[in-house]
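The values are calculated or read from the model by the stated rules, or taken from the named source; none is laboratory data. Values in this document were obtained by computation on a predicted structure and should not be read as measured data. As a convention, Cβ positions derive from the backbone with ideal geometry for all residues, glycine included, and neighbour counts pool all protein chains shown. Ligands, DNA and RNA are excluded from the accessible area calculation, which covers all protein heavy atoms including side chains. Shrake-Rupley method; radii C 1.70, N 1.55, O 1.52, S 1.80 Å.
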Amino acid sequence: MCGICGVIGQDDGAALQPMLQRLIHRGPDEEGIYCQAGIALGARRLRVIDPVGGQQPVRNERGTVWAVMNGEIYNYRELREQLLSKGHRLATRSDTEVLVHLYEDEGFEAFRRLQGMFAVALWDHERRVAWLVRDRLGIKPLYYAIRQDQAGPGTSVVFSSEIPSLLEALPDWRLRPEGVAEYLMHLYVPGPSTMIAGVHQLRPGEAMSISDGRVELVRYYRPDETLYDHDQWTIKEPSREVLHTFEETVKSHLVSDVPLGLFLSGGIDSASLLAIMAKEHSGPVKTFSIGYEHPSDQSFSELDSARFLADHFKTVHSETILRPDAVTLIGKVVEGMGEPFADSSAIPTYLVSEVARQTVTVALSGIGGDELFGGYPRYLGLRTAAQYQRIPRVLRARMAQWSSRLGEHGNARDQAARLKRFLGNGHLALPEQYRRWTTFIPAEWEGSLWGDRLEAMFVNDRPLAPAEVLFDQWPSSDPADCAMGVDIQSYLPDDLLRMADRMSMVHSLELRVPFCDHHLLAAALRIPARVRLTGWQLKGFMRRMLRGLLPDRILRAPKQGFMVPMARWLRQDLREMAHDLLTDDVIKDRGYVKPAYVRWLLETHESGHRNCSDQLYALMVLELWHRGLRAGSSERMAVVATS
């Protein structure tokens, strides 16, 4: 695990060292650089596999192929044995060296043989081609910018694991206006775009080749393509096959030469990982959980279930209690993300990562289980919405008007808020309903939304959302299937995995996500949504599959999200901070949204009529990000139109 960066094309390499300095948290153990004409590769390394011999960059025997990699290849041992049998001489036992030799044999096809999470930069000297490659589901990040060479015609490509590092090579960067609007709509900027004009990220399962100034993008993996490769299972077939794939996947993720543990939430995803780890681990598994201090916040806490599981599987268990420290905690989260990001689950992820890093270097997480096996209430909501469509539209429209009277509570199981959203959008087409359920522009706000810098850019007050494109493209007639397909391609990589990577790596902790293994995904996608949600139960199939592995108490427990009590915090603990950050003058000066809109959010939220915590927190994070930018960068912040 590490942070990587570099420049491909004619460049003096002066930016490489500043770029590496911004990645030290990702790789505190050592630094490596390879520089030749037309190529500069850098890596900051966190020692996980072959701590003594796994330095980067890595080369083949003849020095014709060089690579840096962020991530882990879980099947590297099998690949290494195959290479040795063919006569390759490997100097280390690292997974990156295996990749270099595999590429020497197979070229680009080598990347298709990898099982793991990875972002790779590889230089093929003989063919004069460089490759940037991102893993299939987007677990590891890779950002890039294409720029004109200053010394002559053609282009060069700069890349890095994180945006702040990349910007060291882009002194004239500017904000991308659409990115601000997309962020406020989703709480993150959907890939491949970013908040910065000209800065992109490779898509999950995408590669870039750079040769003689020519740049080409290649999509080598798409999750929906697995649906065409296999027939779907019926309800009687898949349990044994999927469970076997799941067990093998978790085992592969336990490969490590340093201490390893588990984020234990108490839910079915992390519990299932623990069940396999307990069988495979030579000693007690180290587990880590988060809880809340305030009595009103206990609906967000899963400590009771986590303690029960820790006792059941005899783990070495650690807990930390989350207290809203506005000055330090939220500021650290914003700084650690390195870009505006307002999913507040980043806060507990930051804290549990901090605690885990005190005793382990690697931890596993249950991220991805909801998308693969149907764990979000909105999936059942969409199936219900399909039935609700049978009611005449005029009646559904009246119910939508009536629903505005419903209040919201802001707790972890706010059924009133879910009913309000369901009825309020029930007269719309299913893809549009799902878009509204997964975006954050309040339907109740009837005034003009965007400020002076953005209002001329958007039709109907909003940019295009991924759900509007991906929903209809997913090859299924079941709306719940389509929703899961949308989330696998957008919400999972652009929100959950982005957050997990940054909040763990800011503490130099490697976080592994077995549910995001492409073999397990292929198995899960063979299970129709009606089977995954059998009995109108979230993860109905998964619960049956895990009988005998997990206690009935866990299998019967309702869904519990990894959330924070932000609604209460903004009415009490963080109220003063919100008002200080979101004054009329500040909002008007930024020019992103109307001051009247922000006043409405504050008044509506504090009155308890509606939970506006997501929208308010997003604006607070954006303002904190602005204030955290380095001195001298203020003139770059003007939002400029991009073609």
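Screening I488 on (1) modelled with pLDDT under 95; (2) under 23 Å from G366 (Cβ atoms); (3) not aromatic (F, W, Y) shows it passes everything except condition (1). Looking at segment 329-336, can you tell me whether even one residue there is aliphatic (A, V, I, L, M) and free of Cβ contacts under 8 Å to residues at least 12 places away in the same chain? Scanning segment 329-336, I find no residue that is aliphatic (A, V, I, L, M) and free of Cβ contacts under 8 Å to residues at least 12 places away in the same chain, so the answer is no.
Among the residues of this structure, H312 counts as one that is surrounded by fewer than 21 Cβ atoms within 10 Å (Cβ to Cβ) and more than 30 Å from L581 (Cβ to Cβ). Looking at segment 497-517 only, could you name the residues that are within 20 Å of R112 (Cα to Cα) and touching a helix residue (DSSP H, G or I) at 6+ places or on another chain (Cβ under 8 Å)? Answer for segment 497-517, where residues must be within 20 Å of R112 (Cα to Cα) and touching a helix residue (DSSP H, G or I) at 6+ places or on another chain (Cβ under 8 Å): V513, P514, F515, C516, D517.
Exactly one residue out of L496, L492 is touching a residue at least 60 places away in the same chain (Cβ under 8 Å), assigned to a helix (DSSP H, G or I) and open to solvent by 10 Å² or more (accessible area, probe 1.4 Å), and it is L496.
Those residues that are open to solvent by less than 10 Å² (accessible area, probe 1.4 Å) and not β-branched (V, I, T), I need them from segment 98-110; list them, please. Don't jump to the end; show me each part of the working.
Keep residues of segment 98-110 that are open to solvent by less than 10 Å² (accessible area, probe 1.4 Å), which gives 98-103, 110.
Scanning segment 98-110 gives L99, H101, L102, Y103, A110.
How many of the residues in segment 460-488 are part of a helix (DSSP H, G or I) and closer than 30 Å to P223 by Cβ?
Count: 19.
Taking the stated definitions as given, is E216 in contact (Cβ under 8 Å) with a residue 40 or more places away in the chain, open to solvent by 10 Å² or more (accessible area, probe 1.4 Å) and not in a loop (DSSP other than H, G, I, E, B)?
Numbers: in contact (Cβ under 8 Å) with a residue 40 or more places away in the chain: no; open to solvent by 10 Å² or more (accessible area, probe 1.4 Å): yes; not in a loop (DSSP other than H, G, I, E, B): yes.
Judged against the criteria, E216 is not a match.
Would you call R323 among the basic types (K, R), open to solvent by 20 Å² or more (accessible area, probe 1.4 Å) and touching a His at 6+ places or on another chain (Cβ under 7 Å)? Break it down into steps so the answer makes sense when it comes.
Numbers: among the basic types (K, R): yes; open to solvent by 20 Å² or more (accessible area, probe 1.4 Å): yes; touching a His at 6+ places or on another chain (Cβ under 7 Å): no.
Judged against the criteria, R323 is not a match.
Output the helices (runs of 4 or more DSSP H) that fall wholly within segment 333-452 and possess 1 or more residues being surrounded by fewer than 20 Cβ atoms within 10 Å (Cβ to Cβ), or say none.
Output list reads 346-356, 377-388, 393-403, 415-425, 430-437.
Scoring R113 on the criteria (1) at pLDDT 95 or above; (2) under 22 Å from G32 (Cβ atoms); (3) open to solvent by 50 Å² or more (accessible area, probe 1.4 Å) leaves a single failure, condition (2).
Of the candidates R147, R93, the single residue that is in contact with an Asp or Glu (Cβ under 6 Å, 6 or more places away or on another chain), among the basic types (K, R) and modelled with pLDDT under 95 is R93. Between E178, E126, E168, E182, the distinction of being touching a residue at least 12 places away in the same chain (Cβ under 8 Å) and assigned to a loop (DSSP other than H, G, I, E, B) belongs to E126 only.
Filter segment 251-264 down to the residues that are touching a Ser or Thr at 6+ places or on another chain (Cβ under 7 Å) and buried (at least 21 other Cβ atoms within 10 Å of the Cβ) and list them by number. Steps first, answer last, please.
Taking segment 251-264 and keeping what is touching a Ser or Thr at 6+ places or on another chain (Cβ under 7 Å), we get 258-259, 261-264.
Matches in segment 251-264: G261, L262, F263, L264.
Among the residues of segment 294-309, is there at least one that is within 30 Å of G53 (Cβ to Cβ), among the small types (G, A, S), open to solvent by less than 30 Å² (accessible area, probe 1.4 Å) and modelled with pLDDT of 90 or more? No, segment 294-309 has no match at all.
Do the conditions hold for G283, that is, is it surrounded by fewer than 24 Cβ atoms within 10 Å (Cβ to Cβ) and in a strand (DSSP E or B)? Considered against the rule, which asks whether it is surrounded by fewer than 24 Cβ atoms within 10 Å (Cβ to Cβ) and in a strand (DSSP E or B), G283 comes out as no. Looking across R22, R80, R59, R45, one residue alone is open to solvent by 40 Å² or more (accessible area, probe 1.4 Å) and more than 25 Å from S211 (Cβ to Cβ). It is R22. For E248, the conditions (1) under 14 Å from L521 (Cα atoms); (2) open to solvent by 70 Å² or more (accessible area, probe 1.4 Å); (3) modelled with pLDDT under 95; (4) part of a helix (DSSP H, G or I) all hold with the exception of (3).
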